[in-house]
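Step one of this worksheet: look at the structure below.
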Amino acid sequence: MKKTYFIIISSVIILFACGSTKEKESFLNLDFEKVENGKPFGWYIYFQPNYSVYLDTKNVPSGKYAVVIEYRRDSAYLQPITLSLPCYDGERITLSGFIKTENVTDGYAGLWMRIDPIYGDKTIAFDNMQENGITGTTGWKKYEITLDMEPANTRQIVLGGLLEGKGKMWLDDLKVTVDGKDIQELKPYTPKPLPADLDQTFNTGSGISFPALNEQRINDLELLGRIWGFLKYHHPAIARGNYNWDYELFRFLPGYLKTEDIAQRDSLFLQWIDKLGDIPECKNCRATPDSAFLKPDLTWIEKSNMDTQLKEKLHYIYVNRSQGNHYYIQMEPSVSNPQFLHENDYKNSPYPDAGFRLLALYRYWNMINYFFPYKYLTDKNWNEVLPGYIARFITAKDELEYEWTALQLIGEVNDTHGNLWGGGDKIHSWRGILRSSATVEWIENKWVVTEAPISDAVITSTLQVGDIITAINGKDIKSITDSVKPYYPASNNAARMRDIGRDLLRSNDSIISLDCNSAGHSKKVVLSLSDNSNRRQKQEENLLLNNRCFKFLKNDIGYITLKTIRKEDIDEIKQVFRNTEGIVIDIRNYPGTYVPFLLGSWFVSGETPFVKFTEGNRNNPGEFIFRNRYDIPKPEETYQGKLVVLVNEETQSNAEFTAMAFQAGDNTTVIGSQTAGADGNVSEIVLPGGLKTMISGIGVYYPDGRETQRIGIVPDIEVKPTIKGIREGRDEVLEKAIEIIEKQ
């Protein structure tokens, strides 16, 4: 288990633990004496199934507190506690600490430490005492582990204690030294800046002026975008950080735009590549395996009208491409989604000049081309996207048009994770800064009011639950919907209509007029909008937070909403619902905590596969391979009743992954409607103008290879709300769940 698995789990922890280190540097709390909310301050505890972590004031070697990791029940797993540190200058780092154990079996207790690289996805050094872990019952004793350091290549150091298997361990009085010196007396290592970091030539603008764009010019700019991106991710000198590749584009463009024929163009490309320096023979570059799920597509080189010498040069670079650390890309160590490094968002220029706007297109297109696991699932062939957007980016006349163009480009990947999550201020203003407190949803192909506005928001008539909106401010609702669809990126139509519905009743005007069909009768409603119209949602969320996440629907049917579930609820849920006839788990929301293993293991009778991933390859951009599958662990106790899981378009990402875990259960039925179709970890992308977006960074599949991207979680029984049911105040999906349990 366990070494490999522990590397994965501890890396996941770092996603949450490796924030600002300033406070940790001044007070590392290695003796656990500083406590916040009942937990040791500065430490991250990612709770694993069947374990608890708490502070003990009686069994301590010194001071007031020691940390306890205790196995509770069900299947044995492992439970670490984690502290994240910056890098320090030195040759060897040592972690020492006192450990006491009680009845440790089926595993061991110990210290652990790992050194993560700056750019790479391979751990620099790792030790978790697997070979000499502590078992049985032992008194307080000092232990230590030591790792060799590589400060220039280190991103962070993570360490702590762990219990694998059963039993109980105490941990206290840790100490970290570098070459014998206490790190609390040392300053973090500061690496020397690379040439790419020092290049500030175009900080105030690209200075690029584009001539009139004809078909040939666009073809040449398409080729430049391909070659620029190919070199960025393959050329060893760029990978070493020797060049600010954004600014090298601006150095190259003026001469390139003056070329008059293919021979002159290709000669300029060859000169550009030669200036980057000689490329040594790569002795560890391997060919793409036949088993790869996706393979790099370099057919564009042969299909182009480049001369033979340039084609051969590009092929030579590919065969001898960069390996290992890369200035611009790494694969996140735990789940291998891409992390795009050293990408400046140039946020001080919200309407970047034409050169930077073209850079935005080149950057995004190549990131998707080489590192998006679902490029093959887009509606439009990705090769057609680049030439189709060149003129649009270059000629965008103002900030709003630039944002719209970027948003449409993002929409071409057909990924619900993709949107403008940062920047996009002009679009936000254009859509309207005021909102109605009413909720509108797409039901039976109509826009239906599912939550009526708060009473003071209605000026004339009454907007009721179940009313169908047919026009807004006199404009037909269908034409409104069709006009905005291109600006709502989504994996599928269910997610797109969900997002459109959230914005339908937005405006910069304080009132809007609606034409409605109310139970067959036409009426007009005037609504008041405000900048605080989400207060109903806030009230409902506060109500949920102040109530338990589980309850009885009937004497023998339990109900759990994952929206507000907490880890500490799991044991009580199992105890309260153990003998029920059935349980309904509602994932028509985003889970309040991560429960695929914590709760999912209760519904299987043995170790059960439920998911497998594809991962990209920084050493061979464009290659994706399947990783080993993931299993729900075997529990000591299995729930014997029926499980019904509720899903809809609100079920997205972690919620979809969680639904997959529950689907692996012995007696599970999933009901509802199509989910958002955006599963898996996300990778952030920044673009010039301060724009931020994301993509699904790993491919998520069922063990048999079925996709979840775009499709979502397919219900065993499709049940959708109806307008009639909405008007009657019913939850028809929940009603069906109860019916399924009662009929078993």
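Laboratory data are not the source of any read-out in this text; all were calculated from the coordinates shown. No experiment lies behind these values; they were computed from the predicted model shown. As a convention, Cβ positions derive from the backbone with ideal geometry for all residues, glycine included, and neighbour counts pool all protein chains shown.
Taking only C-alpha pairs under 8 Å that are 6+ residues apart, what is the relative contact order of the stretch 77-139 in percent?
35
Please list, in chain and number order, the residues 5+ apart from VAL104 or on another chain whose amide H is under 5 Å from its amide H, with Hs placed from the backbone.
Long-range HN contacts for VAL104: GLY136, THR137, LYS168.
Mind ordering 728-734, 681-687 by average Cβ neighbours within 10 Å, highest first?
Ranking the peptides 728-734, 681-687 by packing returns 681-687, 728-734.
Counting each DSSP H run of 4 or more residues in the chain as -39500 (n - 2.57), what helix-only mean residue ellipticity at 222 nm follows after dividing by all residues, to the nearest 500 deg cm²/dmol?
-8500 deg cm²/dmol
Whole-Hz ³J(HN,Hα) for each residue in the stretch 82-91, computed from phi via Karplus 6.51 cos²θ - 1.76 cosθ + 1.60 with θ = phi - 60°, x for glycine and proline: what do you get?
Taking θ as phi minus 60°, the curve returns 9, 10, 10, 10, x, 7, 10, 7, x, 9 Hz for the stretch 82-91.
Note down the magnitude of the dipole of the stretch 356-454 about its Cα centre, charges +1 on Lys and Arg C-beta and -1 on Asp and Glu C-beta and zero elsewhere, to the nearest 20 debye.
With Lys and Arg at +1 and Asp and Glu at -1, about 240 debye.
Work out the FRET efficiency for SER522 and THR395 from their Cβ-Cβ distance, taking R0 = 51 Å, and round it to the nearest 0.05.
Result of the calculation: an efficiency of 0.70.
Divide the volume of the convex hull of the Cα atoms of the chain by its number of residues and quote the answer in cubic angstrom per residue.
Spread over its residues, the Cα hull of the chain gives 178 Å³ apiece.
Could you derive backbone 3J(HN,Hα) for the stretch 466-477 from the dihedral phi with the Karplus parameters 6.51, -1.76 and 1.60 (θ = phi - 60°), listing whole Hz in sequence and x where the residue is Gly or Pro?
Using θ = phi - 60°, the values come out as x, 5, 9, 7, 10, 7, 10, 6, x, 9, 4, 5 Hz.
Between ASP531 and THR94, with labels modelled 7 Å along Cα→Cβ, what's the label distance in nm to one decimal, could you check?
5.9
Please compute, for the alpha-carbon atoms of the stretch 96-146, the extent along each of the three principal axes and give them in descending order in Å.
Its Cα atoms span 41, 22, 12 Å along the three principal axes.
Please list the non-local residues whose amide H lies under 5 Å from the amide H of VAL35, H modeled 1.01 Å from N, same-chain partners needing a gap of 5 or more.
Here the answer is PHE41, since their amide H atoms fall under 5 Å of that of VAL35.
Please name which of PRO191, TRP421, VAL449 has its Cα lying farthest along the dipole of the chain towards the positive end, using unit charges on Cβ (Lys, Arg +1; Asp, Glu -1) and the Cα centre as origin.
VAL449
Thinking of the stretch 204-344 as a set of Cα atoms, what percent of all their pairs are more than 18 Å apart?
It works out to 62 percent of all Cα pairs.
Can you list residues whose amide H is under 5 Å from THR675's amide H, if they're 5+ apart or on another chain and H is modeled 1.01 Å from N?
ILE713
With +1 on the Cβ of every Lys and Arg and -1 on the Cβ of every Asp and Glu, and nothing else charged, how large is the dipole of the stretch 36-168 about its Cα centre, in debye rounded to the nearest 20?
The calculation lands at about 560 debye.
Calculate how large, on average over all directions, the projected area of the Cα convex hull of the stretch 579-672 is; give the answer in nm² to one decimal.
If I average the Cα hull's projected area over directions, I get 7.3 nm².
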